[in-house]
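Everything below concerns the one structure shown next.
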Amino acid sequence: GGIITQTPKFLIGQEGQKLTLKCQQNFNHDTMYWYRQDSGKGLRLIYYSITENDLQKGDLSEGYDASREKKSSFSLTVTSAQKNEMAVFLCASSIGGDWGQNTLYFGAGTRLSVL
Amino acid sequence: GDSVTQTEGLVTVTEGLPVKLNCTYQTTYLTIAFFWYVQYLNEAPQVLLKSSTDNKRTEHQGFHATLHKSSSSFHLQKSSAQLSDSALYYCALRNAGAKLTFGGGTRLTVRP
């Protein structure tokens, strides 16, 4: 088995601030993802990475940057936090290659609040 | 691009009665896989069911779903809902690549 660790669990920021969320996995998975979870809007893909140093934009990449410097870690940066923004950011990982029915394993999330 | 629609945001059912959560999709790809993920309160989403075979019933933990490509659907059903089934359920599809597209989610509440 393995685990996905997201830090911090809670993040409070100020409007306009740059904020970084971190994710570590010990599954030895090739592919990692960042999703944003909003009530009623489901899980929307921000960025994903097929392998170390690879970055692919998702549907919600504007306003975010990502970095995959190691196979085991994937970080997400909110480039300029929006006032009153509240959301949960979920990191996930999956075996790469022939994705097919490969399952995504999720972390517990980082809850962001912007004052 | 791909899209997944879950028509009900909230579903409430009485314990012991059947439950059905709807999921329809649109995709331009032929090779696809489908998933149901469940997220219990204060936990991470986890896979519940997955399928890529048309018209084949898939079962797990008392839930079942059948992919129907003719109607672009992958509804989730259970014959007898339990209190412990209360959670947020997501339908998702994957095309030939790594990207997984999720629906808006359905919050299921099972009442005594």
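The values are calculated or read from the model by the stated rules, or taken from the named source; none is laboratory data. If you're wondering where the values come from, they're calculated on a predicted model, not measured in any experiment. Reconstructed Cβ throughout: ideal geometry from the backbone, glycine too, with neighbour counts over all protein chains shown. Heads up: the accessible areas ignore ligands, DNA and RNA and are worked out on the full protein's heavy atoms, side chains in. Shrake-Rupley method; radii C 1.70, N 1.55, O 1.52, S 1.80 Å.
So here's what we get for this one:
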{"read-out": "Selected residue (only one of B:Y89, B:Y29 is in a loop (DSSP other than H, G, I, E, B) and among the hydroxyl-bearing types (S, T, Y))", "value": "B:Y29"}
{"read-out": "Lone unmet requirement of (1) more than 17 Å from B:T101 (Cβ to Cβ); (2) part of a strand (DSSP E or B) for B:V47", "value": "(1)"}
{"read-out": "Residue check for A:Y48: at the interface with chain B (Cβ under 10 Å from one of its Cβ atoms), over 24 Å from B:N42 (Cβ atoms), open to solvent by less than 70 Å² (accessible area, probe 1.4 Å) and hydroxyl-bearing (S, T, Y)", "value": "yes"}
{"read-out": "Which listed residue is on the phi < 0 side of the Ramachandran plot and over 12 Å from the mean Cα position of the chain (by Cα), from B:S80, B:S73", "value": "B:S80"}
{"read-out": "Residue list for the stretch B:48-70, filter: of a type in the set (D, E) and open to solvent by 70 Å² or more (accessible area, probe 1.4 Å)", "value": "B:E59"}
{"read-out": "Looking only at the stretch A:28-45, and only at residues there that are more than 30 Å from B:E8 (Cα to Cα) and open to solvent by less than 40 Å² (accessible area, probe 1.4 Å), the one that is nearest to the other protein chains (Cβ to nearest Cβ)", "value": "A:T31"}
{"read-out": "Residue satisfying all of: in the stretch B:98-112; open to solvent by 10 Å² or more (accessible area, probe 1.4 Å) and of a type in the set (S, T, N, Q); farthest from the other protein chains (Cβ to nearest Cβ) among these", "value": "B:T109"}
{"read-out": "Complete set of residues in the stretch A:7-30 that are part of a strand (DSSP E or B) and within 18 Å of A:E52 (Cα to Cα)", "value": "A:L21, A:K22, A:C23, A:Q24, A:Q25"}
{"read-out": "Residue among B:L30, B:L49 that is out of contact with any strand residue (DSSP E or B) (no Cβ under 8 Å at 6 or more places or on another chain) and free of Cβ contacts under 8 Å to residues at least 40 places away in the same chain", "value": "B:L30"}
{"read-out": "Test: residue in the stretch B:37-44 that is closer than 18 Å to A:T103 by Cβ, within 10 Å of another protein chain (Cβ to nearest Cβ) and of a type in the set (D, E)", "value": "yes"}
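Here's the yes/no breakdown for (1) in contact (Cβ under 8 Å) with a residue 24 or more places away in the chain; (2) within 14 Å of chain B (Cβ to nearest Cβ); (3) over 17 Å from A:T5 (Cα atoms):
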{"site": "A:S80", "(1), (2), (3)": "yes, no, yes"}
{"site": "A:E85", "(1), (2), (3)": "yes, no, yes"}
{"site": "A:F89", "(1), (2), (3)": "yes, yes, no"}
{"site": "A:S94", "(1), (2), (3)": "yes, yes, no"}
{"site": "A:Q101", "(1), (2), (3)": "no, yes, yes"}
{"site": "A:G107", "(1), (2), (3)": "yes, yes, no"}
{"site": "A:T110", "(1), (2), (3)": "yes, yes, no"}
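Condition check ((1) at pLDDT 95 or above; (2) part of a loop (DSSP other than H, G, I, E, B); (3) of a type in the set (K, R); (4) surrounded by fewer than 16 Cβ atoms within 10 Å (Cβ to Cβ)) across all residues:
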position	(1), (2), (3), (4)
A:E62	yes, yes, no, yes
A:S67	yes, no, no, no
A:F74	yes, no, no, no
A:A81	no, yes, no, no
A:N84	no, yes, no, yes
A:F89	yes, no, no, no
A:D98	no, yes, no, yes
A:S113	no, no, no, yes
